[in-house]
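Student: Sending over a structure as structure tokens; questions will come in a sec.
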Amino acid sequence: MDHSGGSPVLFQHLFWFLGHPEVYIVLLPALGITSEIISTNSRKPIFGYRAMIGSILAIGFLSFIVWGHHMFITGMNPFLGSVFVFTTLLIAIPSAVKVFNYITTLWRGNIVLTPAMLFSIGLVATFIAGGLTGIILADSALDINVHDTYFVVAHFHIVMGMSAIFGMFAGVYHWFPKMYGRMMNTKMGYAHFWVTFVCAFGVFFPMHFIGLAGAPRRYYSYSEFPMFDGVLDLNILVTLFAIVGALAQVLFTYNFFYSVFRGPKAVQNPWKSNTLEWTTPVEHIHGNWPGPLPVVYRWPYDYSKPGKAEDWVSQITPLDHDEEEH
Amino acid sequence: MGAHSIAHADGHAHDVHHHEESFVSKYIFTHDHKMISKQFLVTAIFMAWVAVIMSLIFRLQLAWPGEGFAFTSFFLGEKWAPGGVLDPNMYLALVTIHGTIMVFFVLTGGLSGTFANLLIPLQLGARDMASGFINMLSYWFFFLSSIIMLSSLFVEGGPASAGWTIYPPLSALPKAIPGSGMGMTLWLVSMTLFIASSLMGGLNYVVTIMNLRTKGMKMTRMPLTMWAILLTAVLGILSFPGAVERSLVAPASTARWEQASTSVISTSLARHWTIPVVVPYCSSICSGS
């Protein structure tokens, strides 16, 4: 490439070589947070710990060999397109393993519906809903029909946007006591979740139909095109849900900043969780632990372990002489 | 069952009665991972609100095209919303910056920056991150890139408008649309700083997870949050240098810097900065030197 031109298609290759792993850079932390919160609040060990790790590794690897599915209409060789279809569909397997494990962790659990838990379950819902349309978009024969339409906008907002946002909210509600030494208001948290959850689907679910009607994304106005008259009412509905959803975030912001300064004081381990962060003092200190560093004797998911007096066992509790780790 | 006080066999009691920190060293240029996580979170909340307001403005246009709104006028003024009606060029700009902020500044920097910094030392039993200084730099690069991205809203031609994917030619030809000029240049500068921030954070996360786990914290005893953050950091380290190349070289190789020689400089920057600087840094801290 000389220094006066350049290849727009090469640019797209470079962009999406980052761009698709970026999807998982956004998603994986949210999924990790969800794993922790679902196990803690189901009072059950995470189902398939090693499978979850394997899934993370598989998703990480596959995320680097699927970028071409963003470029099916750039004129790429159809055979190359079919390779990207195959690799993209493969990524559904570890993703489905994770979803299956979340549901089986919840199954017959002693579920505690904290706001963090609701957002985590909400993440599982959006991950399924957005993942299903991902299978459609992974298939080049289907993708070229809806490429650059609102169907794509709906897909990535649900699977990547809402899932990651829900994971982030879940993390904030769950670790707020560790960050600020205070508790957030639970009732406002519930209201925040339900309004956000309903509005998320209210905004993005109709967009699938707007996309299937052929409406391209990034258009300033659809009223100039008679064939899109049918989507105008849907656009009003979407906007109304967006306004209400935004108001719910005012509630969250108020709850967050009010609780930072005025929330009730937190106890050391409010969720009866096993992981090490809950063994540190509520007040932040330099170096995290006042004495020597803790020693770990077990995995972090010993919830409701038979033979134990309580339904949680901290990672720093030594194994009994006849106890197997897990 | 309370927290057990089981001593690390070869650990040392930590002196909690350390010297009093100044306001600046405690809250601003702090090396403490817990405070840095709060800095990331609060910055991300602010950036999220900017993105939400942008989305409301363009959603109003999509629902009621051509109608004026005081809300739109309040935020954009007469230049970009005459009579409260959103200008078409600003519509493209809002869509672009909304996507950019949400993907990078909220869900990448905000999410990973907050929870990686908070949880890695606390869940692995470490005093802090491997390098508190690099951690601090990571946040301030993030902050600076946020400021530059927001400042692009106030330049004459408006911010970048080529979509968050900044495909050429809209990103490459400075006169393609109003947002292709200074707004696009600021977008590229902002993203380059953001990527530097992410690389510094990611390297720190990987090194801390690999080297600073407390006694007994085998990899198979790590919470899944740690596995997720570890893989996230690895993905970022592997993919973001390509994005620097893309940010600096691809648009720069056409008319953005107007002179071919400048393109050579930016090519050199990408090749001679990312590879000889980042890779040895990574290997040196991974080996503990």
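Please treat every number below as a calculation from the coordinates, not as lab data. Quantities reported herein were computed from a predicted structural model and do not represent experimental measurements. Cβ sites come from the backbone with ideal geometry, for glycine too, and all protein chains shown count toward neighbours.
Student: For residue A:182, enumerate residues with amide H under 5 Å from its amide H, sequence gap 5+ or separate chain, H modeled in the peptide plane.
Tutor: When sequence neighbours closer than 5 places are left aside, the close amide H contacts are A:266.
Student: Right, something else. Can you list the trypsin sites (Lys or Arg not before Pro) in the stretch A:38-125 that are in a DSSP coil and have 10 or fewer other beta carbons within 10 angstrom?
Tutor: Here the trypsin sites (Lys or Arg not before Pro) that fit, given the DSSP loop and packing criteria, are A:108.
Student: Here's something else I'd like to know. Taking only Cα atoms, what is the 0 to 90° angle, nearest 10, from helix A:163-180's long axis to the longest principal axis of chain A?
Tutor: It works out to around 30 degrees.
Student: Picking from A:192, A:284, A:20, which is most flexible by a Gaussian network model of chain A using Cα springs under 10 Å?
Tutor: A:284
Student: Hey, another quick one. Tell me, what ³J(HN,Hα) does each residue in the stretch B:212-224 have, in order and in whole Hz, if you take phi through Karplus 6.51 cos²θ - 1.76 cosθ + 1.60 with θ = phi - 60° and put x for Gly and Pro?
Tutor: 10, 6, 6, 4, x, 7, 5, 4, 7, 10, 6, x, 5
Student: Share of Cα-Cα pairs in the protein assembly as shown beyond 40 Å, in percent?
Tutor: That fraction is 26 percent.
Student: Moving on to the next point. Residue A:312's amide H: which non-local residues (gap 5+, or another chain) put their own amide H closer than 5 Å, with H modeled 1.01 Å from N in plane and none for Pro or chain starts?
Tutor: For residue A:312, the qualifying residues are A:304.
Student: Follow-up question, since we're still on this one. Based on Cβ point charges of +1 for Lys and Arg and -1 for Asp and Glu, what charge dipole magnitude is obtained for the stretch A:124-235 about its Cα centre, in debye rounded to the nearest 20?
Tutor: I would put it at about 740 debye.
Student: Still on this structure, please answer the following. Over what distance in Å are the Cα centres of the stretch B:170-249 and the stretch B:43-77 separated?
Tutor: If we compute the Cα centre of each part, the gap is 28 Å.
Student: Against the longest alpha carbon principal axis of chain A, how many degrees, from 0 to 90 and to the nearest 10, is the axis of helix A:8-42 turned?
Tutor: Approximately 30 degrees, to the nearest 10.
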